[in-house]
Amino acid sequence: QVQLVESGGGLVQPGGSLRLSCAASGSTLDYYAIGWFRQAPGKEREGVSCISSGGGTTYYVDSVKGRFTISRDNAKKTVYLQMNSLTPEDTAVYFCARRKMKYYCSGYVSAYDYWGQGTQVTVSS
């Protein structure tokens, strides 16, 4: 039905920036909100950001507000997460996911049905 592939992760120094991409295939993203989640070793997966189907509404977890920006280009079937002022606390595997038949956002893992494989983000000196 749909496949999601994340890219753009890597190793950056504290204070650095990184842009993650989530590319879809098989179906368009026109009718679905897309969320970004992350999971650090030994921690539960947490919601980071979400963008509505048309891109008009966005949400961010408090810890990344002012530093991360989510955007989407439905024509390219791609969602982006621009991450600035990165800290070691941002180190995690980052996943993008598609909402279950919904165009609006949710911060819950259970509200999403298709997930990418994840991309590693490491912030270290």
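The values are calculated or read from the model by the stated rules, or taken from the named source; none is laboratory data. The structure displayed is predicted, hence computed values, not measured ones. Methodologically, a virtual Cβ is constructed for each residue, glycine included, from the backbone with ideal geometry; neighbour enumeration extends over all protein chains shown. The area values use the complete protein model at the heavy-atom level, side chains included, leaving out ligands, DNA and RNA. Shrake-Rupley method; radii C 1.70, N 1.55, O 1.52, S 1.80 Å.
Computed values, structure above
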quantity: Hits in region 54-92 (condition: part of a helix (DSSP H, G or I) and either of a type in the set (Gly, Ala, Ser) or open to solvent by 40 Å² or more (accessible area, probe 1.4 Å) (or both)); calculated: 62, 63, 88, 89
quantity: Total residues in region 32-44, condition within 18 Å of residue 85 (Cβ to Cβ) and either open to solvent by 60 Å² or more (accessible area, probe 1.4 Å) or of a type in the set (Lys, Arg) (or both); calculated: 1
quantity: Qualifying residue in region 93-113 (condition: open to solvent by 50 Å² or more (accessible area, probe 1.4 Å), modelled with pLDDT of 95 or more, more than 19 Å from residue 40 (Cβ to Cβ) and assigned to a strand (DSSP E or B)); calculated: no
quantity: Verdict on residue 29 being modelled with pLDDT under 95 and buried (at least 22 other Cβ atoms within 10 Å of the Cβ); calculated: yes
quantity: Residue count, region 5-26 (criterion: assigned to a strand (DSSP E or B) and either within 26 Å of residue 75 (Cα to Cα) or open to solvent by less than 30 Å² (accessible area, probe 1.4 Å) (or both)); calculated: 13
quantity: So residue 47, is it open to solvent by less than 30 Å² (accessible area, probe 1.4 Å), in contact (Cβ under 8 Å) with a residue 12 or more places away in the chain and of a type outside the set (Ser, Thr, Tyr); calculated: yes
quantity: Some residue of region 46-61 being among the hydrophobic types (A, V, I, L, M, F, W, C) and out of contact with any strand residue (DSSP E or B) (no Cβ under 8 Å at 6 or more places or on another chain); calculated: no
quantity: Cross-chain or 6+ apart pairs with Cβ under 8 Å, region 13-29 first and without any contact (Cβ under 8 Å) to a residue 40 or more places away in the chain, then assigned to a strand (DSSP E or B) and open to solvent by 60 Å² or more (accessible area, probe 1.4 Å); calculated: 26/3
